[in-house]
Structures are given as C-alpha cells and as structure tokens.
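Engineer: A single structure is presented below for examination.
The values are calculated or read from the model by the stated rules, or taken from the named source; none is laboratory data. Because the structure is a prediction, the values reported are computed rather than measured. Neighbour counts run over all protein chains shown; Cβ positions are idealised from the backbone, glycine included. The accessibility values were calculated without ligands, DNA or RNA, using every heavy atom of the protein model including side chains. Shrake-Rupley method; radii C 1.70, N 1.55, O 1.52, S 1.80 Å.
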Amino acid sequence: MKKLISKVLVLILALGVVSGCATTPKTEVEPTPQITADETKTADVVIVGAGGAGLSAAISAVDNGAKSVIIIEKTGTTGGALNYTSGSMSGANTVIQKEDGIEDTVDSFVADIMKNGAGKGNEELIREFAERDIDMIQWLWDNGLSDNTFSTDKEGRRSVFAPEHALYSIQRTYKARPDDPKTYKSAAHEILDTQAKKYDQITIDYMTEATQLIANEEGQVLSVLAINSKTNKTVKYDSTKGIIMATGGYSGNPKLMGAYAENGENYLVGGSKGADGYGIYMMQQVGGNVNEETMSYIPTFPMGLEGTNQSGSIAPTYTWKTGGICVNQNGERFIDETEARVEVREVALEEQPGAVQYDIFTDKILEDLNAAGAATMWNYLYAEEGLPGYAKVSKASSIEELADMIGVPKESLAKTVEDYNKAVDSKGTDSFGRKYDGETNAYNLAVNKIEGETYYAVPLKALVIITLGGITANKDMQVLDAEGNVVPGLYAAGEVVGGIWGQFVSGGTGVMGPIVFGDIAGEKIMSNELTKGYAIKPASNLLNINFFAKEEVKIEFDMNQALNDGEYESIVDGQYGEMKVQVTISNGKITNVVVLSNNETEEIAAGALKSIPEKIVEVNGVDVDAVSGATLTSNRIRTAVVDCLNQAKK
C-alpha cells in the first residue's frame, strides 16, 4: 500500500502541484508532462468508474458505434453507489405509470425537482434528464425490469410515493427488487451489469485507480494514467474519441465535506469510502470548472447509526412518532420532531454540535409504536441482543442517569423533558410547532410524556450517501471550464457533475440521474467532433490535494515473538454487527485464518473476506495490503488477527 500511495503522489507532483493549494495558472500551459507508463492500452472510449453512469455510458457508446470501450474501476466490482442503495428509481410519463393508470407529465416532474432542490437546480439539465428518463425507464423495462418484484401501494400499483424524500406531487417512484439479491442490491445495477457483460466491445479493468488526465498538443484530453493495485504497475489509457469521468461524488470524504459544510467532517459515510471526489480534482487539473456554492449541497439523512471508522447506515427509531423527542449534545430539543418535510429535519441536525442527536423515549412510547404498526425499524435494528443497533441503546431508570450515560448535561436534559411534558399537558402547540392536540397523521401517531420506569436513548448522526456538488458540464455532458468553454475530449456523468439537482435530492434521481446522463455521454462522445487548439490550464480554485491524502491505519504485530500453538478467536465491530475471526497457530506460525461470521455488505466485502485471510497465512503476518474498495473489511480482519496473536503470545 505504501508503494501505491507513493506512486500516486509522484504522478501528482509531476504536474507541478506542490503545495496542494489553489495556484494562479499561467496564461498558456504546455501539454501535460508525459510520464512513463509500464503499459499502454487503447480504445475508442475510456471510462473512469463502473457505477451506474459508467456502465450506462459504455453500453451507449457501443450502441452508437464504438468498437472498443475500456472501463477503469478501482474496486473489484461494478455498481459504485448502487452497491449501497436499494435503488429507488423515478420518472414521469413512464411505461410503469401507464400500466398503473397514472397520468403524469415531464413539466410536473421538472417542477417538483426544482421545488425539492430549493429552486437552485439547473433547469436545463433537469429537463434534459426528465425527457430522456422516459426512454431509459423503457430500456430497463424491456431488459428485465418488467419481471422484477416491486414494492406496491395498497392498490397494488408499482408507482409509489417515497417518504424518505420530499414527496412528489404524484406517484412516480419505483422500488424494484433485484432477482439476485446476494449479488446485487438494486435492480438497476443488476440489469446494467447483466447487459454490459453481453457486449464483447466492453472491457473492465478492475482494481485500477485513475490518477491523472493527460492532454495532447491540441489541448484534447484523450488519455488517463492509472495504477493497478494488484500489479502496482502504471497503465496509460489512450482513447480516440475521449474520456468519460464517472467517478462519483465525495460522500466518502469527510475532510472534503468538512471544507464546505459546518459539521461535514462529522457526517457518517453511508456509501463507499472510495467516493472521495478525486475525479473532480483530476478534471480541475485540466481546466474543469467547479461552482463552489454547489459543493456545499450535501443532503443528509437525520437517522444515521454509526458503525466503525465513521461508516454508518440509515437506522431511524421513529420513536418520535409516538411521543419521543430528539435532543442534541447539550441536552436540548432543536426541532419539531414530527415535521413532515424531511429536508427541514436534515438541516436542523446538520447544524447541531457534532451533527448528532439522541432519540429519547420510554417503554410506553415503544408500546404505542408497536401498536401503531410503526416499529418495524426498531424491531429490525434495535430491539434484541445481536441486532445491529442493540449495543447503541442506553437504558436507565431516571432521566438524570440516562444523561450521564450518554454524556449530556443532566440538568439541561431534565429541564428539556420537564418543559416537553408541560407542553404535552397543554394539549396545544409548543415553540417548535409540535402539536399535542391528539390529531394523528403519519408523523404523529400518538401523544406521550417522557415518563415511566425505563428511559431510553439512541444516538443518531447525520448520514450522507450522495453529494450534489462537482464539475460543471453542458447538456452533452462535456466538461466546461470557468469561461464556459468545452474541454475537448472530456466528458462527465453521474454524481461527479455538480449543480444539477439543487440543494436537496429528489427521490430516484440519485439512481436514474447517473444512468440517464451516462447514456447521453456515451452517445455524444461518439457524435461530437474534437476541437483543436484549446489551451489547457488548471482551475483557479483547485481543490487542496491534502483532502485526498490516504490515511494509513497501523495494524502491526511483531512475528518474532514466541507464540503458543492452538486456535484463537476474536470478535471485532463490523459494518452492521460483529465479525468473528479464528486463527490457528502451529509450530509458532499462522497456519489458518477463518472469518467465522460477519455482517459486511457481501458484494463489497467478498474479495477481502476471501483474500485477506489467505495473504496473512502466506506471509505469516498482518502486514498485507488492503483490498481496494474493501479497506474497512480488510482492516477489521487484520485487527482481529492481531488480537488472536496477542492471545497466543507466550
């Protein structure tokens, strides 16, 4: 790993970026310095990233005449962000709505997205998406979506509302389940991956991380350098038509989020840590423009359950629906917990110290939650020992004791509960706008005081799975510089493009947006002519290179120490629960490592679960490189092995 990081830094320094801060570009800049590669590969189109946008772009490029397409993918699997979401889709005037008897229009869809994005979206690109989305939903439908199982409403319609986002004015969200849930988390990924495999013209180079874009003497960006983490070799990829950057956003980079959001560095990462925003930086190096305001558009879910190493998952208790409250680290309420507009609750939590809240509730509140049929998440995540969130639940016999357990000022929490209980007794409306008149709705199912024999608290944090800032592109998905000029040969699609959706994301656009814009990029890269004579110069607001510094986790053990033979077991925190590892020592050496149980995301962690134990046995030690894209899983296994070795020390 150290060799790989050093090699990346050498490539970056070769561009003259020494301080890592924005520098004033020269009026004219020579073509990117040529760096010797260990190998060169050539294709009509080169795509960086095999997520929804990358797969869609590859298929589209071939359908529009490309004889060869190479996708560079830094992990060992396709899908990108689609590996971390159930993949809700959306679209207006679609085949699904027509089958459900629902009338909808593109104009209504565009208006809803603009409204949901606080009026800050790019209406031209949103309209382009909404219009092209009709055919893309049809393509998915024709290639297998019609046979998938859908979540439906009470009338059995597959077109539904999605309460996890601001509601559309009409049912236009589609929640299809994959046929192979062990391999795919979303139906969209399953269909794209299955179809891409049918194209002989498409090649995917896995475990290969792009590091630098290269322009030729005409200012055309037609090459990209990458490093294969398996071979540690530098590969230069040359294209005849151009490069499509489909590298995703920066939701996996707390340092970068912290530069644009007050508590962004504290946000939980609900997706891949590989979504670090480095693709944005690569495009800035050759002139790509970034609108700084859009970089602050980082929508969160106010319901993140913290795992290890700042990872998290969506895990609401929903106890506020039957009388629970949410307090910050000062022990104070900060929002009407029953507010129907999720974006209001998002922003409120983002502004709290550490972007953390504590759901406070009682046995009576849990009883009413179950009685109302709203305790699904509680029972699935928290209710019993062994569930992912059980260890996060604090229980106490008094509010003061509970305050001590969760580390908030006891006087403050006691006063908050006292004031809340008085508001409940008033049967009126409190200062936050929460009503206690007994009228029920989906967000307010019962009224209860915070009182009883047992008091509970669950800490939840702001969690991010998508970012909305990034590089600037036009309707053809061509990357633009600060003056609005096209950077020849360079295209971008997916979450790496900023400013499309506005300040908040609308349901289903996080999945269908990349797929639609990837389709457009693949089409336009084949039909657009390459212009000549463009002067390459880095963006004036180049992101700080320190945002992308790899932080090495030190997991060490001196194998010169004497070890007792035997079998040893260790349990460490995993992604969604415990990981149990067994190590066998024979003749003082590691002869077997077995992951007995785990709670990792299978499609992401599979490579690490198989290869890391084998590597540890092979080298008789824990000094092995993590599997790209599964660094957290790799390090969990290594940490557990170190614990076993410590048990075995004589």
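Engineer: Might you let me know whether region 514-521 holds any residue that is in contact with a Ser or Thr (Cβ under 7 Å, 6 or more places away or on another chain), in contact (Cβ under 8 Å) with a residue 12 or more places away in the chain and over 30 Å from Lys255 (Cβ atoms)?
Structural biologist: Within region 514-521 (the criterion being in contact with a Ser or Thr (Cβ under 7 Å, 6 or more places away or on another chain), in contact (Cβ under 8 Å) with a residue 12 or more places away in the chain and over 30 Å from Lys255 (Cβ atoms)), the answer is yes, since at least one residue qualifies.
Engineer: Determine whether region 220-230 contains at least one residue that is in contact (Cβ under 8 Å) with a residue 24 or more places away in the chain, of a type outside the set (Lys, Arg), farther than 30 Å from Phe301 by Cβ and assigned to a loop (DSSP other than H, G, I, E, B).
Structural biologist: Yes: one or more hits.
Engineer: When you go through Gly502, Gly469 one by one, which is the residue that is out of contact with any Pro (no Cβ under 8 Å at 6 or more places or on another chain), surrounded by fewer than 24 Cβ atoms within 10 Å (Cβ to Cβ) and within 26 Å of Gly354 (Cα to Cα)?
Structural biologist: From the options Gly502, Gly469, the qualifying one is Gly502.
Quick grid of which residues meet (1) open to solvent by less than 10 Å² (accessible area, probe 1.4 Å); (2) in a loop (DSSP other than H, G, I, E, B); (3) within 19 Å of Ala66 (Cβ to Cβ):
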site	(1), (2), (3)
Gln171	no, yes, no
Lys182	no, yes, no
His189	yes, no, no
Glu217	no, yes, no
Ile243	yes, no, yes
Gly249	yes, yes, no
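Engineer: Oh, and also: How many residues are without any contact (Cβ under 8 Å) to a residue 60 or more places away in the chain and touching a helix residue (DSSP H, G or I) at 6+ places or on another chain (Cβ under 7 Å) when one looks only at region 462-477?
Structural biologist: Of the residues in region 462-477, 1 are without any contact (Cβ under 8 Å) to a residue 60 or more places away in the chain and touching a helix residue (DSSP H, G or I) at 6+ places or on another chain (Cβ under 7 Å).
Engineer: In region 594-626, what residues are assigned to a loop (DSSP other than H, G, I, E, B), aliphatic (A, V, I, L, M) and modelled with pLDDT of 90 or more?
Structural biologist: Val622, Val624
Engineer: For region 431-440, which positions are in contact (Cβ under 8 Å) with a residue 60 or more places away in the chain and either among the aromatic types (Phe, Trp, Tyr) or open to solvent by 20 Å² or more (accessible area, probe 1.4 Å) (or both)?
Structural biologist: Scanning region 431-440 gives Phe432, Gly433, Lys435.
Engineer: If you don't mind, another one. Taking region 35-78 as the search range and keeping residues that are acidic (Asp, Glu) and not in a loop (DSSP other than H, G, I, E, B), which one is surrounded by the most Cβ atoms within 10 Å (Cβ to Cβ)?
Structural biologist: Only one residue fits best here, namely Asp44.
Engineer: Across region 126-153, what is the number of residues that are over 18 Å from Pro181 (Cα atoms), open to solvent by 60 Å² or more (accessible area, probe 1.4 Å), of a type in the set (Val, Ile, Thr) and touching a residue at least 12 places away in the same chain (Cβ under 8 Å)?
Structural biologist: 0
Engineer: Is it true that Tyr206 is crowded, with 21+ Cβ neighbours inside 10 Å and either at pLDDT 95 or above or not hydrophobic (A, V, I, L, M, F, W, C) (or both)?
Structural biologist: No: the conditions fail for Tyr206.
Engineer: Of everything in region 389-408 that's open to solvent by 50 Å² or more (accessible area, probe 1.4 Å) and either among the hydroxyl-bearing types (Ser, Thr, Tyr) or in a loop (DSSP other than H, G, I, E, B) (or both), which residue is farthest from Glu332 (Cα to Cα)?
Structural biologist: Filtering first and then ranking leaves Tyr390.
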